[in-house]
Amino acid sequence: MKKLLFQKFISDTFKFFIIISLSIGLIVWVIQAVGFLDYVTEDGHGLIVYFSYTLLSFPKIIHRILPFVFFISLFYQINQYEMKNELVIFWTNGVKKIDFIKVIITYSMCILLIQIFLGGFISPFFQDKARSFIRNSNIDFFSSLIKEGKFIDTVSNLTIFVESKDERGNYKNIFLNDSLDGTPGERGSKSQMIYAKKGILIDNEDGRFFKLTNGRIVNNDRGKITNFTFETVDFNLSKYNSKTTTYPKTQEASSKDLFNCIYYDFIKEKDKFKARYLRCNDQSIKNIKQEFLKRFYKPFYLPLLALISSLLILRSKESINYDRFKIFLFILIFMFIVISEISLRYTATSLNGLFFFILFPFLSFISIYIFLKVKFNYKN
């Protein structure tokens, strides 16, 4: 009978956890998708890239909201069982309150493993795939980016203007300004301005080119001006990327790369670190350490949140201050979530901050558990 009661409680809690996760996740996803629409399409990327990018970001959203959703679902179910007198069934069937808490802790450990797997492997994988859609689409987004009668500076270090475009894809009166050293408009910079009467986008094995005819090139080499006319010239567009970040952020790097960077930093040999995109240097190591702890240690706060939620069984609904007690526990759990976020920010810069972040959940968990053991005195 006890086993069936525990199975029902865990089943109800997990079902509610899934429903809340998907509901809140979809709401957050829709809100972010609206922002991604401007973020992606303003850079000239198509709707396929936009849809793929937003869809692949969903695991990251679930990973971020999981601790809060876990606490809400567990807190809600314990309270519902109390309000419907279902907890009384547990106690009358010989279930000890400390055993009930042990089941909740076991359940939290299962969610902990899900959180580690989701944050350590699934979310970075899908985020890298999302970024790859942006990265791989950079070579063919010019045709949708260029608009008649508008100056386009979405491309890094390049400004494009075309007066008109016919149905065959031929452009007329084209202006290009290439900031060769990446410092457009600054005194002493290097740039190249090109004007052409006609042009067309072409592709070959070397990439994408703007084939320009009947025009003039003006080179500015740190104040030294030279210019010449041309009949035909191929302007290479393949070397340009959109201003959308095409290199993965630290949150999108694989856990293996994060660990290797931390290891090489520890042995003072960061120059041996090799990864396709992740940069391991003095400027990035702080964020890398924080991200690694966020993925593999922050989930250990979940059993603590579960234990605090289980304190609800200390009072019954008939208690005078039961509602106030619920509010107190809710605020307490929310404060622990905030503390975990704040302390994480100091882990890479302060040794004390690192020790606090590591020891705080364990010491708090042990203290509360010992209190409950004494409170129940191994009995209901």
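The values are calculated or read from the model by the stated rules, or taken from the named source; none is laboratory data. Source: prediction; values computed, not measured. Methodologically, a virtual Cβ is constructed for each residue, glycine included, from the backbone with ideal geometry; neighbour enumeration extends over all protein chains shown.
Restricting Ile65, Ile101 to those that are closer than 13 Å to Phe17 by Cα, in contact (Cβ under 8 Å) with a residue 12 or more places away in the chain, assigned by TED's automatic domain parsing to the domain that holds Leu302 and in a helix (DSSP H, G or I) reduces the list to Ile65.
Please work out which residue is modelled with the highest pLDDT, limiting yourself to the range 345-362 and to residues that are among the polar types (S, T, N, Q) and within 12 Å of Gln290 (Cα to Cα). Only one residue fits best here, namely Thr347.
For the range 35-56, a tally of residues being surrounded by fewer than 19 Cβ atoms within 10 Å (Cβ to Cβ) and either modelled with pLDDT of 80 or more or outside the structural domain of Val95 (by TED's automatic domain parsing) (or both) returns 1. Check the range 215-227 and report whether any residue there is modelled with pLDDT under 85 and surrounded by 15 or more Cβ atoms within 10 Å (Cβ to Cβ). No, the range 215-227 has no match at all.
Of the numbered criteria (1) free of Cβ contacts under 8 Å to residues at least 60 places away in the same chain; (2) closer than 20 Å to Phe365 by Cα, the one Ser319 fails is (2).
Within the range 80-97, being crowded, with 17+ Cβ neighbours inside 10 Å and under 30 Å from His63 (Cα atoms) holds for Tyr81, Glu82.
Here is a yes/no grid of residues against (1) among the polar types (S, T, N, Q); (2) touching a residue at least 40 places away in the same chain (Cβ under 8 Å); (3) surrounded by fewer than 16 Cβ atoms within 10 Å (Cβ to Cβ):
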site: Lys272; (1), (2), (3): no, no, yes
site: Lys286; (1), (2), (3): no, yes, yes
site: Tyr297; (1), (2), (3): no, yes, no
site: Lys326; (1), (2), (3): no, yes, no
site: Leu329; (1), (2), (3): no, yes, no
site: Ser343; (1), (2), (3): yes, no, no
site: Pro361; (1), (2), (3): no, yes, no
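For the range 164-191, the tally of residues that are closer than 26 Å to Ile225 by Cα and at pLDDT 80 or above stands at 10.
On inspection, Arg208 qualifies as surrounded by 12 or more Cβ atoms within 10 Å (Cβ to Cβ), assigned by TED's automatic domain parsing to the domain that holds Phe151 and modelled with pLDDT under 90.
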